[in-house]
Amino acid sequence: MEITASLVKELRERSGAGMMECKKALAENGGDIEAAMEHLRKTGLAKADKKAGRVAAEGRIAMAAEGGRAVLVEVNSETDFVAKDGNFVAFADAVAQVALASGAADVEALKAVKLGEVSVEEARALLIAKIGENVQVRRMARVDGGHNVGAYIHGGRIGVLVELKGGDAELARGIAMHVAAMNPPYMTAAQVPAEFLAKEKEIELAKMSDKDRAKPADILEKIISGKVAKIVNENTLTGQPYVMDTNMTVEAALKAGGA
């Protein structure tokens, strides 16, 4: 059977593989496009297996959101150059969309989800065969509460999802931007571990002069508690000055927005 340009084009569109690989697959399978597709999937997986041990530490975060649902997916490549490649970006965006639509709870479940005619895992293997680098779907995060969701990606490398009860979409996005900028380790003062507080008290006491340490115990406790409270505010989302309006804390911004 003659391997026509239209056959090659169709196989390229379906598989995402390169032109020469598609032409070769069709030639080896007598022009049968279904058999050629299966061949590409098998060889793609073989190539992916060979590259699986190579470190994939670059990449990007992709996002998909609809209503009160949103998902972030981290897809890694070996180099920053490939992370900016159109095929890689399209794959990451498509994976985020099917992650949202499918309701997959984790990366392992996501790998089995259909992405067009193949699974996410098979599409990943075909992408590896095409671009020549290891690609990994590394992590995902999702919210499905049906509340206001703020989703924000900074520079393709920092992704944030924030869910608010009350408020509005603008406030949710603003809080997400704040988290991206400030990276608070805790959400509220109540979540700060006792060990953290004890350590900070120890540090503040060690920093004080002998004269201050000689003050009455109740006064000393008030001084140290005040210093630790400031540190707690610096390390909690609700206690930090809100990046969109530093005249108020995040907690005040939430209250003002009814959230």
Calculated FRET efficiency for the pair Met187/Ala256, C-beta based, R₀ 22 Å, to 0.05: 0.75
On each of the three principal axes of the Cα atoms of the range 185-259, give max minus min coordinate, whole Å, ordered largest first. 46, 24, 18
Under a point spin-label approximation (7 Å from Cα along Cα-to-Cβ), what is the Asp210-Met19 distance to one decimal in nm? 8.3
Efficiency of FRET from Cβ geometry, Glu108 and Lys84, R₀ 25 Å, rounded to 0.05: 0.35
Of all DSSP beta bridges in the chain, antiparallel share, percent nearest 5: 95
Accessible area per residue, 1.4 Å probe, Å², for the chain: what's the number? 54
So, R0 is 51 Å and r is the distance between the beta-carbons of Glu202 and Ala57; what FRET efficiency does that work out to, to 0.05? 0.90
Taking a probe of 1.4 angstrom, what is the accessible area of Glu202 in Å², to the nearest 10? 110
Residue order for Glu2, Glu121 - accessible surface, 1.4 angstrom probe, largest first: Glu2, Glu121
Convex hull (Cα only) mean projected area of the range 65-146, reported in nm² to one decimal: 5.1
Could you tell me what a quarter of the Cα convex hull surface of the chain works out to, in nm² with one decimal place? 18.5
Simple spin-label estimate for Ala229 and Glu117 in nanometres, 7 Å along Cα-Cβ: 6.7
Where in the chain are the DSSP H helices whose C-alpha atoms run 30 Å or more along the long axis and whose mean Kyte hydropathy is at least 1.6? none
Selected from Glu221, Glu234, Glu108 as most flexible by GNM, with the chain as the system and alpha-carbon contacts under 10 Å: Glu221
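The values are calculated or read from the model by the stated rules, or taken from the named source; none is laboratory data. If you're wondering where the values come from, they're calculated on a predicted model, not measured in any experiment. Every residue, glycine as well, gets a Cβ built from its backbone with ideal geometry; the counts of neighbours run over all protein chains shown. We work out accessible area using only protein heavy atoms, side chains counted, and drop any ligands, DNA or RNA first. Shrake-Rupley method; radii C 1.70, N 1.55, O 1.52, S 1.80 Å.
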